[in-house]
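FYI, it's all coordinate maths here, none of it is from the lab. Everything quoted here is computed from the prediction, not taken from an experiment. All Cβ positions, glycine included, derive from the backbone under ideal geometry; neighbour counts span all protein chains shown.
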Amino acid sequence: MKTTPFTEAHLALGAKMHEFAGYNMPIEYPGGIIEEHLTVCGGVGVFDVSHMGEFWVKGPHALEFLQEVTSNNVAALVPGKVQYSCLPNEQGGIVDDLVIYNYGGDKYMMVVNAANIEKDWNWCVSHNRAGAVLENSSDRIAQLAVQGPNALPTLQKLTPVDLSGIAYYTFKVGEVAGVPEVIISNTGYTGAGGFELYFYPENAMTIWNAVFDAGAEYGIRPVGLGARDTLRLEMGFCLYGNDIDDTTSPIEAGLGWITKFVEGKDFTARKILERQKAEGVSRKLVGFEMIDRGIPRQGYKLTDAEGNEIGHVTSGTMSPTLKIGIGMGYVKTEYSLPSTEIYLDNRGRKLRMKVVKPPFRK
């Protein structure tokens, strides 16, 4: 397994480690997932997300390349802004979802999911008809996500950059804890606010130690991938491999807002996705809350009142803040409206649930 620059720190803190995307990653620390989840919602927590992938896209053909391989309109992305998007495949499925940073000067950074780094890199290289300069820097960039309402006062102690001026889905580059050229980004995956820090691996422990010292007065604590999953699910954020994959289209997944059919943008599977948007799709990704007591689990069947299968669960958990079972899944379109009552087939037990519009945690 691969390690991150923080692996020894996780082990020293007693983290429960497990393989994820080829990396030895912390799932939870002593105290447990629920405590970590609530810490992020009410205070400040730190995630090691150094396993994520980063590709640089440079040169005079960088924008042309990104317009061809991604679904969103990169031409609308001004320097200092970040954009959520996806890589469609030829069938209209999703190779991966990602975020794109516009550095200005024909320079962009793509941040991709850890499990898809090799797959995405091969896809980008093989679809680089525009002749952009591509560079895979995934092993040369470390990343921490400092999340929660007290992330700003924690990090503001460490940087001269005015963090209150970094709006959602924007970024700045500046000094943090004496380390220069750190990317400070407001693109959190928890819904609790905060920032992501990108830096060279050799500066990892300098930043780690400074962040934990600065956050001590706010009860800062490390947070593992277990709470990262419950936090993103309470916000209704898709997880690649669960809620979206090569067989699901962005239109089915409710990601039409990142699928832009603007003039001059001839991206992969545009005609297929344009037709889906015009004619509709047979299934949709929805959120749901349990009415009966139970926890929806990935792969469980969803049925109508008569027991006919209408879909399946893609993500589910017991919500740490709502104290009820919540989840997401694909259902036939006629069952996708909010407040529609559907049923969870829990090993033969039919449990009532209702469709709701995420986020679950307001």
Can you give me the orientation-averaged projected area of the convex hull built on the Cα atoms of the range 66-199, in nm²?
8.6 nm²
What distance in nm separates the simple spin-label points at E202 and K107, each placed 7 Å from Cα in the Cβ direction?
1.9 nm
Run through all the Cα pairs of the range 282-356 and give the fraction in each 5 Å bin from 0, expressed as whole percent.
4, 20, 34, 28, 11, 3, 0
Modelled FRET efficiency - R0 30 Å, E19 with S339, Cβ distances, 0.05 increments:
0.15
Tell me, T268, T3, T154, T247 in order of fewest to most beta-carbon neighbours within 10 Å?
T247, T3, T268, T154
Alpha-carbon Debye profile of the chain, log10 I(q)/I(0) at 0.07, 0.08, 0.11, 0.12 Å⁻¹:
-0.31, -0.41, -0.78, -0.93
Give the Cα extents of the range 53-136 along the principal axes, in whole Å, largest first.
31, 23, 22
What order, most packed first, do the peptides 348-356, 95-103, 293-301 have when packing is the mean number of other Cβ atoms within 10 Å of each residue?
95-103, 293-301, 348-356
Restricting to DSSP H runs of at least four residues, report the calculated mean residue ellipticity at 222 nm for the chain, -39500 (n - 2.57) per run over all residues, nearest 500 deg cm²/dmol.
-5500 deg cm²/dmol
